[in-house]
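Here the structure is laid out as structure tokens; the discussion comes afterwards.
The values are calculated or read from the model by the stated rules, or taken from the named source; none is laboratory data. None of the values given here were measured: they were computed from a predicted structure. So basically every Cβ, Gly included, is an ideal-geometry build from the backbone, and we count neighbours across all protein chains shown.
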Amino acid sequence: MRFRWCRVIFEPALCQGLLIRRYKRFLADVETLEGRRMTIHCANTGAMTGCADPGSRIWYSTSPNLRRKYRHSLEIVEDADGHLIGVNTARANGLVVEALSAGVLPGFSRTSPIRREVAIPGEGGRFDLLVRDVFVEVKSVTLRLADSGAFPDAVSVRATRHVDALARLARSGLGAALVFCVLHNGIDGVRPADEIDANYGLALRRAVDAGVRVLALRCGVTAYAITPTGLLPVGATLGLS
């Protein structure tokens, strides 16, 4: 089943170019179709493994804010196999909210109130969402290993801390969920990237045992929009179907 009524539409339309390099985590040099070289913003703190290869075809957005230092933002990269990848991870929370409002995610009512950026009870830091009485953390998945999505794409102490906090809340009787927002058209399932961050994999398994709900939201990526389209299976190594 496809859910075409919830999506993030790119307005104004994206522009196309070629990636020269991504560097300093938040910057990328690109070449436009007209042959002009420019530096644009890259809203992705991850390693971007497999989706930042020089020479890749890319699409970038343009902000109407003339005061921004970097008015253009990297949005989509095409990998070596021709798959489109949404690399602007700042869009993940909005896509999950769209999916919740459309009733795509099981276990949540589409009419549930949603709050963003809520404090983690009992400690510092924040979770991405509070959906009625369920704390929800959202993680973008852009790494493809074989046909499977894997998270994280680099060692992430912060991601492990978040999943440990979810497990603690679940053990105390509170609602807790983790949603992997899959922004890669070539991914058919999601699993922990144990070969990259074994500690995260262990923490995720502990969280599942504690009662944390883990879901993977598939999003179709095009140069015109990113659309939540349903669920993907989460790794059998977690004991989930």
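Yes/no per residue for (1) more than 13 Å from A150 (Cα to Cα); (2) touching a helix residue (DSSP H, G or I) at 6+ places or on another chain (Cβ under 8 Å); (3) small (G, A, S); (4) modelled with pLDDT of 95 or more:
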{"residue": "G175", "(1), (2), (3), (4)": "yes, yes, yes, yes"}
{"residue": "V182", "(1), (2), (3), (4)": "no, no, no, yes"}
{"residue": "N185", "(1), (2), (3), (4)": "yes, no, no, yes"}
{"residue": "Y200", "(1), (2), (3), (4)": "no, yes, no, yes"}
{"residue": "V208", "(1), (2), (3), (4)": "yes, yes, no, yes"}
{"residue": "A225", "(1), (2), (3), (4)": "yes, no, yes, no"}
{"residue": "G230", "(1), (2), (3), (4)": "yes, no, yes, no"}
{"residue": "S241", "(1), (2), (3), (4)": "yes, no, yes, no"}
Looking at this structure, is L130 in a strand (DSSP E or B) and under 18 Å from the mean Cα position of the chain (by Cα)?
yes
Hey, could you check the range 140-157 for residues that are of a type in the set (G, A, S) and surrounded by 18 or more Cβ atoms within 10 Å (Cβ to Cβ) and say which is nearest to V96 (Cα to Cα)?
S140
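L166: modelled with pLDDT of 95 or more and either surrounded by 21 or more Cβ atoms within 10 Å (Cβ to Cβ) or in a helix (DSSP H, G or I) (or both), yes or no?
Numbers: modelled with pLDDT of 95 or more: yes; either surrounded by 21 or more Cβ atoms within 10 Å (Cβ to Cβ) or in a helix (DSSP H, G or I) (or both): yes.
Answer is yes for this residue.
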Does A193 fit the bill of being closer than 30 Å to G82 by Cβ, within 18 Å of the chain's Cα centre (by Cα) and either surrounded by 14 or more Cβ atoms within 10 Å (Cβ to Cβ) or without any contact (Cβ under 8 Å) to a residue 12 or more places away in the chain (or both)?
yes
